[in-house]
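Structure, as structure tokens:
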Amino acid sequence: MTSTTPVSALGRQKRRGSTTAARSGMWAGILFVLPMLVLFVIFRFVPSLGAIGMSLTDYKLSGDYSVVWFDNYTRMIADDVFLGALTTTLVYAAIYVPLVVVVSMVTALVLNRLVWGTGFFRGALFLPYVTSFVLAAVIWLWIFASDGLVNGLLTEAGVDPYPFLTGNQAQVLTSLAVVSAWRGFGYSMLILLAGLKNIPDDLLESATLDGANATQRFFRIVLPLLRPVVFFVLVIETIAAFQVFDTIYVMTGGGPSRASYSLVYALYDQGFKFFDFGYAAAIGVAIFLLVFVISLIQRRFLDRSNT
Amino acid sequence: MTATLTRPGTETNGTPAAARRRRRNRIRPGTILVASLLAFGTIVPFLAVFILALSPEGARTIPFQLPDEWTLDNLIAVLTARNFLRWTLNTTIYSIVSVVLVLITAAMAGYAFAKKRFPGREIMFWSFLATLMVPTQATIIPLFVLVARLEGIDTFWGLIVPTLANSQAVFLMRQFIMGLPDELFEAAKIDGAREWSIFWRIVLPLTTPILATLGIFVFLWHWNDFLWPLIIAQTDEMRTLTVGLASLNQEAVSQARLMAAAAITVIPCLVVFAVLQRYIVNSVAASGIKG
């Protein structure tokens with residue numbers, strides 16, 4: 001702000017003018033930020049602190065509670081259902097994150113090579129992203145159900161049906177990861193595509209002239225230059241994996257026998273089926289800590305490999 | 001990966017740059033084939049929804065085949081059944097009202113953060129941004145209890161107001177308004193404009209591009225939102241389309257009816273996307289909006 005260095009003759013008058021202007025600007029600033037500030041304080045900050053506070057109580061539906069300190073957390077470490085949900089979520093993340101990152105990367109590379117029909121293909125590949133997980137789940141239920149499309153075709157072909165949603169944990173979580181990845185890869189794809197567009201053609205040209213093949217160019221030039229973008233995509237997709245709920249709610253209801261019972265599902269059950277709000281709040285805090293720690297680890301890991 | 005490289009040394013005529021341009025602009029059939037297969041995988045499930053929705057109830061759908069006759073019965077049945085129209089209305093109100101309120105409050109806050117000086121500005125802005133770190137699920141229990149205490153369960157305000165504190169919207173508005181020249185606002189002030197009319201006459205018109213982008217995304221987020229409407233809507237009447245669709249899925253509704261409901265749910269998203277496709281796609285890459 002260097003515009004407040006006026007002609008010296010008008011100095012005093014101007015300065016007084018600008019302080020009143022600054023003061024009125026200050027009040028205007030406060031008034032303009034006020035609606036959003038009120039919303040944030042009531043619906044973000046209070047619940048964030050409230051989550052921690054409630055997790056230390058046995059808050060019930062009636063509103064009665066007593067402070068139980070860390071009972072919810074000690075209960076959590078001994079609770080097989082919670083530990084199962086934690087394992088399930090970690091396994092799901094281990095399947096979903098590589099899947100969605102590879103799919104986004106492959107589709108971004110393909111789009112980057114297109115010289116014809118770019119707009120159409122970009123739009124077509126991004127299409128599922130504008131719909132809901134619930135819709136994706138309803139569609140894929142028709143495809144994956146035991147009497148669904150794929151199994152119908154398999155039976156027709158004389159092959160045994162595949163237990164997409166009724167098999168063991170790895171099978172069920174993979175099916176759910178496919179659905180979530182189908183719905184969600186478009187966003188990461190566009191972010192990676194924007195990164196690819198920033199890689200100078202000359203680098204790839206000279207590598208080609210030096211005899212590097214496509215694989216070498218990808219691993220030696222494209223991937224190292226794309227590292228910050230890949231990191232961003234990894235973080236947001238990992239966070240998405242820990243928040244999985246809608247797809248599970250519609251497709252398996254957490255089953256079969258808790259094979260797809262994720263952390264958010266456990267939180268939802270504890271809160272809105274058993275009305276054990278204190279315990280549910282503690283699970284929420286655990287989800288936050290988990291997401292936080294994982295993104296710290298990813299940051300560290302990628303920073304180190306960067307140097 | 002298709003191998004369409006020109007060997008070094010085959011560039012007999014023209015400059016290397018021209019050769020490079022030729023090579024870059026070459027249409028690669030392999031790439032187009034792969035892209036077509038991928039697009040097939042994203043488009044066909046939607047086509048299936050509409051085909052199944054227009055098939056007679058009880059028609060053989062597995063393995064997939066086109067129906068012998070098309071019918072609107074399922075769509076009509078769904079639209080006239082129970083509260084489906086009410087759910088559509090709820091979702092529309094939830095989405096549209098949220099868009100308007102988020103845009104106004106975020107533009108106001110963004111303007112203040114970008115162009116006004118007031119005590120606590122920085123700390124306020126950064127604590128808004130910090131909430132991006134907290135997953136909504138982590139605070140949903142206390143948020144629900146709070147809204148319940150304020151008697152917001154099963155009401156529109158309980159559905160809408162808690163979702164308006166949107167740090168991404170504030171951040172994007174601030175970034176955009178920071179890029180607008182100060183002289184504009186000073187000139188308006190010299191002409192005697194009050195703060196509020198500066199906001200309405202200058203800030204809002206100049207931020208139309210970012211308002212439109214944000215508006216599309218807020219619309220899609222709310223239209224597709226699930227967990228919050230699920231816990232706030234306790235009666236059938238207050239459900240939104242996603243919650244209603246999930247509940248239909250749990251009931252013994254026929255495949256054709258379910259797909260008809262799904263089709264109606266998704267049409268607004270597809271229309272928004274078809275009309276504003278280029279805009280949406282470009283803005284993701286440019287601003288990093290994440291739903």
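The values are calculated or read from the model by the stated rules, or taken from the named source; none is laboratory data. The structure displayed is predicted, hence computed values, not measured ones. Note that each Cβ is placed from the backbone with ideal geometry, even for glycine, and that neighbours are counted across all protein chains shown. Note: accessible area is taken over every heavy atom of the protein model, side chains too, but ligands, DNA and RNA are not part of it. Shrake-Rupley method; radii C 1.70, N 1.55, O 1.52, S 1.80 Å.
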task = Compute, for B:GLU69, the solvent-accessible surface of its heavy atoms (probe 1.4 Å) with the complete set of protein chains present, and express it in square angstrom to the nearest 10.
result = 120 Å²
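To the nearest 0.05, how large is the calculated FRET efficiency for A:LEU154 and B:SER254 if R₀ is 22 Å and r is the Cβ-Cβ distance? Don't jump to the answer; show the numbers that get you there.
Values: r = 23 Å, r/R0 = 1.06.
Between A:LEU154 and B:SER254 the formula returns 0.40.
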ask   = Which one of A:LEU203, A:PHE288, A:THR252 has its Cα pushed farthest toward the positive end of the charge dipole of the stretch A:79-302, where Lys and Arg give +1 and Asp and Glu give -1 at the Cβ?
value = A:LEU203
remark   = Relative contact order as a percentage, chain A, C-alpha pairs under 8 Å and 6+ apart, gives 26 percent
remark   = GNM on chain B, Cα springs under 10 Å; top mean-square fluctuation among B:ALA130, B:ALA246, B:ALA169 goes to B:ALA130
remark   = With Cα springs under 10 Å, the Gaussian network model of chain B assigns the largest mean-square fluctuation among B:ALA106, B:ALA187, B:ALA53 to B:ALA187
key: Solvent-accessible ranking of A:PHE218, B:PHE50, largest area first, probe 1.4 Å   = B:PHE50, A:PHE218
key: Packing rank of A:134-143, A:49-58, where each peptide gets the mean count of other beta carbons within 10 Å, highest leading   = A:134-143, A:49-58
task = Could you order A:SER206, B:SER98 by accessible surface area, starting with the largest, using a probe radius of 1.4 Å?
result = A:SER206, B:SER98
request  = Mind jotting down the three principal axis lengths of the stretch B:81-288 based on Cα atoms? Whole angstrom, largest first.
outcome  = 66, 41, 30
Per-residue HN-Hα couplings for the stretch B:246-259 [Karplus 6.51, -1.76, 1.60; θ = phi - 60°; Hz; x = Gly/Pro] = 4, 6, 4, 4, 7, 7, 7, 8, 5, 3, 5, 5, 4, 5
note = So, with points 7 Å from each Cα along the Cβ direction, the B:TYR279-A:LEU296 label distance in nm works out to 4.2 nm
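With contacts defined as alpha carbon pairs under 8 Å and 6 or more residues apart, what's the relative contact order of the stretch B:150-279 in percent?
Numbers: 58 pairs, mean separation 36.2, N = 130.
28 percent.
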message = I need the Kirkwood Rh of the protein assembly as shown: take the reciprocal of the average 1/r across all distinct C-alpha pairs and report it in angstrom.
response = 26.7 Å
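Less than 12 Å Cβ to Cβ from A:LEU225, Lys/Arg counted +1 and Asp/Glu -1: what total charge do the surrounding residues give?
Details: positive: A:LYS197, A:ARG217, A:ARG220, A:ARG227; negative: none.
With Lys, Arg at +1 and Asp, Glu at -1, the neighbours total +4.
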query = When you look at the Cβ of every residue in A:107-113, what mean number of other chain Cβ atoms sits within 10 Å?
reply = 5
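Two-decimal Rg/Rh of chain A from alpha-carbon positions, Kirkwood Rh?
1.11
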